[in-house]
Amino acid sequence: MIAVPEIVEQLRGRIRSLEKPRRGPGETPLSTGWPPLDRLLPGGGLRRGSLVVVLAAEAGSGASLLAWQAAQQAAQQGGAIVVLDRRREVYPPALAAWGVALERVIFVQPESARDEGWAWDQALRCPGVAAVWGWVERVDDSLFRRWQLSAEASGCLGVLLRPGAARTGPTWADVRWWVEPQTAAADRRVRVELLRCRQAGGGSVELVLD
């Protein structure tokens, strides 16, 4: 069995090998991966060093796919994607089938809520990480704030998938999306609403998920 400090050091070494230079505050906004969503955002995209929350109205809403596209966009110019998967639901071969380069993805499966909170903070503050993606069931306000500061300091994009019940809770996210399926549609269509954006903006669009 490998000791925890050795695992942490191995992860640090791998992240260092993927490190990329960070650009300043005047950089071009990051695309969400979905042009209709970009058009709802001031500047046409997301801001590096921020948290983005994607709220799923129900299971199978397509929120995971929307969130993953944003993480991939953040990593296009280098850096790792850290997947926080405490629920152990992420299937790497499925990501590979989407064209994801798995050698640039670091999978972390925390054993407890405490470990999960620590892992989010450490990943978000690392300069070699382009994006952190994962499901967050519950998070208290002080920890949420710490994550926001960590992302801001490193330039990392944090993409948090959250249940619909979190819609009324406090947030330190720069952007919040609400995703709900349109069950009457013949194709896999979802309605995505921009609930919050610190730089203003708003509205909703319908997307067809391929």
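When the range 111-124 is filtered for residues that are modelled with pLDDT under 95 and either closer than 20 Å to Gly78 by Cα or not in a helix (DSSP H, G or I) (or both), the ones remaining, listed by number, are Glu111, Ser112.
Looking across Glu116, Glu137, one residue alone is more than 30 Å from Thr28 (Cα to Cα) and buried (at least 18 other Cβ atoms within 10 Å of the Cβ). It is Glu116.
Filtered by the rule that a residue be more than 25 Å from Thr168 (Cα to Cα) and under 16 Å from the mean Cα position of the chain (by Cα), the range 132-155 gives Ser154, Gly155.
When the range 58-107 is limited to residues that are small (Gly, Ala, Ser) and open to solvent by 50 Å² or more (accessible area, probe 1.4 Å), the one that is nearest to the chain's Cα centre (by Cα) turns out to be Ser64.
Among the residues of the range 140-152, those identified as small (Gly, Ala, Ser) and surrounded by 13 or more Cβ atoms within 10 Å (Cβ to Cβ) are Ser150, Ala151. Total residues in the range 28-45 satisfying the condition of being more than 19 Å from Leu209 (Cβ to Cβ) and in contact (Cβ under 8 Å) with a residue 40 or more places away in the chain: the figure is 4.
Checking every residue in the range 198-205 against the condition of being over 20 Å from Ala119 (Cβ atoms) and of a type in the set (A, V, I, L, M, F, W, C) gives at least one match.
Looking across the range 142-173, the residues that are closer than 18 Å to Ser61 by Cβ and in contact with a helix residue (DSSP H, G or I) (Cβ under 6 Å, 6 or more places away or on another chain) come down to Val159, Leu161.
Here Pro163 meets each of (1) in contact (Cβ under 8 Å) with a residue 40 or more places away in the chain; (2) open to solvent by 30 Å² or more (accessible area, probe 1.4 Å); (3) more than 17 Å from Ser50 (Cα to Cα); (4) of a type outside the set (Lys, Arg) with one exception, condition (2). Applying the selection to the range 16-41, what residues are at pLDDT below 85 and either open to solvent by less than 10 Å² (accessible area, probe 1.4 Å) or of a type outside the set (D, E, K, R) (or both)? Listed by number, the residues that qualify are Ser17, Leu18, Pro21, Gly24, Pro25, Gly26, Thr28. Is there any pair linking a residue in the range 87-105 that is within 28 Å of Arg138 (Cα to Cα) to one that is in a loop (DSSP other than H, G, I, E, B) and modelled with pLDDT of 85 or more, with Cβ under 7 Å and at least six apart or on different chains, and which? Filtered contacts from the range 87-105: Arg88/Gln109; Arg104/Ala75.
Taking the range 45-57 as the region of interest, how many residues are open to solvent by 30 Å² or more (accessible area, probe 1.4 Å) and either touching a Lys or Arg at 6+ places or on another chain (Cβ under 6 Å) or part of a helix (DSSP H, G or I) (or both)? Residues that pass the stated criteria total 0.
The values are calculated or read from the model by the stated rules, or taken from the named source; none is laboratory data. Values in this document were obtained by computation on a predicted structure and should not be read as measured data. Cβ atoms come from the backbone with ideal geometry, glycine included; neighbour counts cover every protein chain shown. SASA here: full protein model, heavy atoms, side chains in, ligands and nucleic acids out. Shrake-Rupley method; radii C 1.70, N 1.55, O 1.52, S 1.80 Å.
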